[in-house]
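The values are calculated or read from the model by the stated rules, or taken from the named source; none is laboratory data. Just so it is clear, the model here is predicted, and its values are computed rather than measured. Note: ideal-geometry Cβ built from the backbone for every residue, glycine included; neighbour counts use all protein chains shown. Just so you know, the surface numbers come from the protein's heavy atoms only, side chains and all, with ligands and any DNA or RNA stripped out. Shrake-Rupley method; radii C 1.70, N 1.55, O 1.52, S 1.80 Å.
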Amino acid sequence: MRMPAADPGLVSRRAEFLGALRRFVPGEGVIGTPEELAAYECDGLTAYRQPPLAVVLPADTAQVAAVLAYCHAQGLKVVPRGSGTSLSGGALPLADAIVVGLGKLNRVLEIDYANRCVVAQPGVTNLAITQAVAERGFYYAPDPSSQIACSIGGNVAENSGGVHCLKYGMTTNNVLGVEMVLIDGSIVRLGGRAYDAPGYDLLGIVNGSEGLLGVVTEVTARILPRPEHQQALLIGFPTVEAAGSCVAAIIDHGLIPAGMEMMDRLAIQAAEAFVHAGYPLDVEALLIVEFDGPRAEIDEHVSIVEALVARCGAGYLRISSSERERLQFWAGRKAAFPAVGRLSPDYYCMDGTIPRRCLPQVLRRISELSQTYGLAVANVFHAGDGNLHPLILYDASLGDQLDKAERFGADILTLCVEVGGVLTGEHGVGVEKRDLMEVQFQPSDLQQQQRLKCAFDPDGLLNPGKVFPHLCRCAELGRMHVHAGALRFPDLPRF
Amino acid sequence: MRGRCAFRICRGSEAVPATLRVTDASEAQHAIAGLLADGRTAEIVARATRRPYGRPLQTDAILDLRALSGITVYEPGELVLSAQPGTPLSLIQSTLAEQRQHLAFEPPDFSRLWGAAPDRGTLGGCLSVGLGGPRRPSAGAPRDHFLGVKGVNGFGQAFAAGGRVVKNVTGFDLPKLLAGSLGTLAVMTEVTIKVMPAPPSTSTLLLHGLDDAQAVALMGEALSSPAAVSGAAHFPAAVANTLPALRSAPGAVTALRLEGLPRSIGARLEHLTRRLAHYGGDCTLLDESVSRGLWVEVADVVAFAGASERPVWRLSTRASAAVGLARTIMQSLEGRYFFDWGGALLWIELAADSLAHQGIVREACIRAGGPDAHATLIRADEHVRARTAPLPPLAGSLAALTERIKAQFDPQRLFNPGRMYAEL
Ligand SMILES: Cc1cc2nc3c(=O)[nH]c(=O)nc-3n(C[C@H](O)[C@H](O)[C@H](O)COP(=O)(O)OP(=O)(O)OC[C@H]3O[C@@H](n4cnc5c(N)ncnc54)[C@H](O)[C@@H]3O)c2cc1C
């Protein structure tokens with residue numbers, strides 16, 4: 001993975017920068033020693049590591065603004081960071097960049113039940129928002145598996161999802177407003193507590209912008225009343241095809257379950273061995289289908305699915321009869337990643353989305369690729385919305401296995417695009433899928449995205465080296481006059 | 001090949017803008033290249049049903065996308081539909097209905113409000129205006145269902161963004177930016193939206209005789225309950241009496257909609273009536289067809305259709321500020337109003353047209369609505385719309401950022417110049 005080359009001129013001025021940053025963020029808020037910087041050298045994609053020039057931990061919006069204005073004036077690159085759980089290397093530092101960590105901005109500022117929202121600083125964890133409103137029977141719907149650790153600011157930056165986003169949407173559908181500091185230090189408010197905002201939907205593009213457009217310093221998140229009841233079905237199938245056809249039958253019937261998750265044989269085995277969720281071990285695919293709502297509605301939906309399941313050739317069906325049992329069904333799925341992690345020293349989590357009808361074909365091809373590369377793969381799947389998480393097992397200490405795992409992963413994502421899907425459903429592009437962007441997008445598509453970046457950050461100081469396979473050259477894009485999609489700069493250098 | 005010259009043939013006198021009719025994406029791109037080369041501006045239009053929205057346009061040309069029509073992909077099982085932007089919304093809605101699906105964002109049709117015959121216009125127009133209907137709090141707006149786009153920017157360059165699957169975070173979410181941009185950023189040539197199963201049945205609980213404050217509190221409580229209320233509107237008596245669906249009930253009416261399986265609706269109704277009993281007063285239940293009719297009337301603001309000389313404002317605010325906002329405006333101006341979205345959307349029809357009401361309404365937003373309240377002048381004379389800002393103005397860094405974004409999509413201001421803001 002090549003990153004933009006560090007500017008030795010900037011690196012040599014480290015002491016000067018540290019001194020200046022300490023004027024804006026006093027005391028322990030500026031980190032510069034190699035030992036302490038090591039804690040920030042990677043995020044959840046641990047294969048790539050790079051200590052930054054310095055880490056700044058501002059304590060309020062004004063400090064963020066002062067730091068950004070300074071970096072802007074000095075031409076210093078900035079890498080925003082929440083909790084560092086990104087699986088795509090979005091928070092990977094650069095040797096000549098400042099990491100701006102939002103961890104100290106960790107207060108829930110206001111709970112507004114009348115307007116059903118919570119105003120939180122970006123470093124508040126996803127789960128903490130739900131916890132803050134649980135006593136009154138509310139929750140924040142997007143529930144990434146990393147929710148005890150990941151920050152709401154990071155969720156906005158990645159437009160994170162969770163197992164319930166089929167019914168309740170992704171982060172972008174559950175955030176009403178943000179406060180954001182632009183690279184020049186100006187502060188903008190996008191949205192608020194009203195449902196829509198004047199002008200262009202800038203909130204819509206900030207969600208999922210991976211730290212490239214600004215630093216989010218406050219988030220207004222919608223909260224929902226907890227459903228009265230939840231009930232889950234655990235369904236086992238002799239083939240992946242049968243499981244896929246059952247998912248299709250459920251959607252075709254007009255049902256949108258609260259969650260619909262699938263695991264393949266290896267994932268089932270690993271999860272069962274790890275948490276003893278009571279999963280059947282003689283099936284090729286396992287489906288968890290969850291409904292929420294009033295009792296009467298759940299009963300009706302469960303009986304519809306019971307009938308569909310029989311027709312899809314399921315060999316195993318259990319319906320949760322208690323909250324304990326429901327949570328047990330989920331325990332295996334929620335522990336699937338660490339469970340698979342026990343099978344092998346390392347694993348690499350992929351995140352493509354496909355049209356669901358292509359599932360059998362894609363899984364067949366993945367298993368062929370698994371043979372070719374000689375690396376095992378376990379599949380976990382947000383079946384309702386077609387978001388695949390193949391987990392490639394490898395051992396980084398063995399010669400070329402990391403390289404193989406990456407090539408295998410790239411093949412899987414390319415396959416997702418080929419069947420009409422996309423590179424990433426919820427984990428973001430980051431550095432990980434950056435060089436695959438041209439598989440999904442034409443040069444002119446990427447150019448339009450880069451133009452948007454130029455409107456926010458014309459000097460390309462915010463999180464460079466992420467998302468785009470080429471650095472933005474805003475001056476050239478501004479001048480460029482393109483006809484019929486033909487590029488004037490086909491030979492732009494890569495990193 | 002159709003070149004620029006072919007388009008020129010349509011040009012009439014200098015005062016009448018030339019109409020460029022395009023039938024596919026490459027013609028659209030070609031036409032735009034022509035505009036760019038000649039430095040001519042264009043109104044981007046299809047069925048023109050939403051023309052009264054925003055500021056009136058004076059352009060050199062009209063880029064007519066009506067013939068860029070047709071559903072290109074519909075996969076009910078994948079919950080996605082792709083279509084060309086000129087596709088009539090009515091065709092999309094009837095196609096979805098055949099598969100028991102629908103557009104969950106319930107696009108409003110303001111034609112009657114604007115004194116025209118009902119016409120839902122086109123999918124492209126609906127996305128470009130970007131307004132959601134009564135289901136906004138629970139199901140979102142067009143932005144939340146807009147998955148992918150192909151278009152041509154003001155550089156004459158074709159581009160695509162988003163995708164054709166319901167879950168996607170690859171690259172910037174440009175469809176969201178285009179939703180509600182009033183055709184000022186790019187000419188869309190194909191769009192992909194998320195479609196959802198239509199609820200099998202609908203029922204509406206009416207509560208009678210509440211004042212505004214009680215009603216907004218009640219709607220808040222209903223929306224805070226697990227009953228999955230998918231519509232919450234309050235009509236003071238002056239408005240309730242004019243709605244066909246409510247005519248039988250004199251006095252103020254608060255309406256709560258429940259959708260889903262009949263048994264589920266029954267259970268939720270029971271829950272709601274129990275929970276809301278402390279507000280007292282009578283309640284009635286609307287049957288399926290009257291209920292459906294009512295929410296179309298709410299979405300389309302039928303209550304204010306008719307007297308087309310009266311200005312109509314649409315105010316978006318936090319629900320907790322809505323009653324104070326309405327009161328503040330009604331202290332200075334004469335008119336009628338009702339609340340949708342549990343109070344977070346306030347519709348006002350004023351008694352007579354004048355320029356002064358703009359200042360009063362906007363000032364009230366600032367004083368009584370809170371920092372996020374904003375007002376859009378939905379119905380007004382063309383000369384009023386031309387001389388003022390019907391859309392809520394932007395200030396400071398946000399205005400500057402908006403102009404920079406426009407410049408990155410359409411630097412020559414070819415597309416709908418001035419439609420959103422005079423300077424954009
Ligand atoms: C075990 C595990 C399970 C996971 N499960 C899921 C899952 O189910 N669904 C899912 O969607 N993701 C999942 N993730 C991925 C990850 O947790 C999410 O992407 C999360 O939103 C990242 O939040 P963070 O605070 O850790 O952000 P970071 O990793 O610190 O940063 C992520 C990106 O956001 C930017 N950023 C962070 N904060 C800000 C800010 N305040 N302003 C601007 N930019 C900012 C960074 O620059 C970076 O590009 C999982 C990760 C792990 C390790």
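Observations on the structure shown:
- Applying the set (1) more than 8 Å from the ligand (Cβ to nearest atom); (2) open to solvent by 20 Å² or more (accessible area, probe 1.4 Å) to A:ASP96 leaves exactly one unmet item: (2).
- When each of A:ASN207, A:ASN155, A:ASN173, A:ASN126 is tested for being within 15 Å of the ligand (Cβ to nearest atom), open to solvent by 30 Å² or more (accessible area, probe 1.4 Å) and modelled with pLDDT of 95 or more, the lone residue that passes is A:ASN173.
Let's see how each residue does on (1) open to solvent by less than 30 Å² (accessible area, probe 1.4 Å); (2) modelled with pLDDT of 95 or more; (3) in a strand (DSSP E or B); (4) among the basic types (Lys, Arg):
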site	(1), (2), (3), (4)
A:GLY19	no, yes, no, no
A:ARG22	no, yes, no, yes
A:LEU37	yes, yes, no, no
A:ALA47	no, no, no, no
A:VAL55	yes, yes, yes, no
A:VAL67	yes, yes, no, no
A:VAL78	yes, yes, yes, no
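- Residue that is nearest to the other protein chains (Cβ to nearest Cβ) [pool: residues in the range B:167-190 that are in contact with a Lys or Arg (Cβ under 8 Å, 6 or more places away or on another chain) and not in a loop (DSSP other than H, G, I, E, B)]: B:LYS176
- Sub-8 Å Cβ pairs linking a first residue in the range A:250-275 that is in contact (Cβ under 8 Å) with a residue 24 or more places away in the chain to a second residue that is of a type in the set (Lys, Arg) and surrounded by fewer than 23 Cβ atoms within 10 Å (Cβ to Cβ), at least 6 apart or interchain, are A:ILE256/A:LYS167; A:PRO257/A:LYS167; A:ALA258/A:LYS167; A:GLY259/A:LYS167; A:ALA270/A:ARG342; A:ALA273/A:ARG342; A:PHE274/A:ARG342, ordered by first then second residue.
- Any hit, the range A:68-81, residues being under 19 Å from the mean Cα position of the chain (by Cα), of a type outside the set (A, V, I, L, M), within 14 Å of the ligand (Cβ to nearest atom) and in the same structural domain as A:SER12 (by TED's automatic domain parsing): yes
- Qualifying residue in the range A:262-277 (condition: under 14 Å from A:ILE319 (Cα atoms) and either open to solvent by 10 Å² or more (accessible area, probe 1.4 Å) or of a type in the set (Val, Ile, Thr) (or both)): no
- Qualifying residue in the range B:73-82 (condition: over 30 Å from B:GLY39 (Cβ atoms), assigned to a helix (DSSP H, G or I) and touching a strand residue (DSSP E or B) at 6+ places or on another chain (Cβ under 7 Å)): yes
- Just one of the numbered conditions (1) within 16 Å of the ligand (Cβ to nearest atom); (2) open to solvent by 10 Å² or more (accessible area, probe 1.4 Å) is not true of A:LYS433: (2).
- Unmet criterion (only one of (1) within 8 Å of chain A (Cβ to nearest Cβ); (2) over 19 Å from the mean Cα position of the chain (by Cα); (3) open to solvent by 10 Å² or more (accessible area, probe 1.4 Å); (4) not small (Gly, Ala, Ser)) for B:PRO244: (1)
- Any chance A:SER160 is in contact with a Leu (Cβ under 9 Å, 6 or more places away or on another chain), within 15 Å of the ligand (Cβ to nearest atom) and not hydrophobic (A, V, I, L, M, F, W, C): no
- Failed criterion for A:MET350 (all others in (1) within 27 Å of B:GLU270 (Cβ to Cβ); (2) under 25 Å from the mean Cα position of the chain (by Cα) hold): (1)
- Flag if B:ALA215 is open to solvent by less than 10 Å² (accessible area, probe 1.4 Å) and assigned to a helix (DSSP H, G or I): yes
- Of the residues making up the range A:343-366, those that are open to solvent by 20 Å² or more (accessible area, probe 1.4 Å) and either under 11 Å from A:ALA378 (Cα atoms) or within 14 Å of the ligand (Cβ to nearest atom) (or both) are A:LEU343, A:ASP346, A:TYR347, A:TYR348, A:LEU363.
- Among helices (runs of 4 or more DSSP H) entirely within the range B:257-346, having at least 2 residues that are touching a residue at least 40 places away in the same chain (Cβ under 8 Å), open to solvent by 60 Å² or more (accessible area, probe 1.4 Å) and assigned by TED's automatic domain parsing to the domain that holds B:SER224 singles out B:262-276, B:288-300.
- Within the set A:GLY161, A:GLY185, A:GLY192, A:GLY199, the sole residue that is over 25 Å from B:PHE339 (Cα atoms) and within 7 Å of chain B (Cβ to nearest Cβ) turns out to be A:GLY161.
- Residues (more than 16 Å from the ligand (Cβ to nearest atom) and under 32 Å from the mean Cα position of the chain (by Cα)) located in the range A:315-342: A:LEU317, A:ARG318, A:ILE319, A:SER320, A:SER322, A:GLU323, A:ARG324, A:GLU325, A:ARG326, A:LEU327, A:GLN328, A:PHE329
- Unique residue being buried (at least 20 other Cβ atoms within 10 Å of the Cβ) and not in a helix (DSSP H, G or I) when the list is A:GLY409, A:GLY428: A:GLY428
- Boolean, B:PRO118 is in contact (Cβ under 8 Å) with a residue 12 or more places away in the chain and buried (at least 19 other Cβ atoms within 10 Å of the Cβ): no
- Selection of the range A:218-261 for residues being open to solvent by 10 Å² or more (accessible area, probe 1.4 Å), away from chain B (no Cβ under 11 Å) and β-branched (Val, Ile, Thr) yields A:THR239, A:VAL240.
- Residue count for the range A:380-404 satisfying the condition of being over 21 Å from A:GLY89 (Cβ atoms), out of contact with any Ser or Thr (no Cβ under 9 Å at 6 or more places or on another chain) and buried (at least 16 other Cβ atoms within 10 Å of the Cβ): 3.
- Screening A:THR85 with (1) open to solvent by less than 20 Å² (accessible area, probe 1.4 Å); (2) in contact with a Ser or Thr (Cβ under 9 Å, 6 or more places away or on another chain); (3) part of a loop (DSSP other than H, G, I, E, B); (4) within 14 Å of the ligand (Cβ to nearest atom) gives one miss only, at (1).
- Selection of the range A:431-457 for residues being assigned to a loop (DSSP other than H, G, I, E, B) and at the interface with chain B (Cβ under 8 Å from one of its Cβ atoms) yields A:LYS433, A:PHE441, A:GLN442.
- Test: A:VAL108 is away from chain B (no Cβ under 14 Å) and more than 14 Å from the ligand (Cβ to nearest atom): yes
- Criterion: away from the ligand (no atom under 12 Å from the Cβ) and at pLDDT below 95 - qualifying residue of A:LEU166, A:LEU202, A:LEU233: A:LEU166
- All of B:ALA83, B:ALA139, B:ALA161 fail the test of being crowded, with 24+ Cβ neighbours inside 10 Å, under 30 Å from A:LEU87 (Cβ atoms) and small (Gly, Ala, Ser), apart from B:ALA161.
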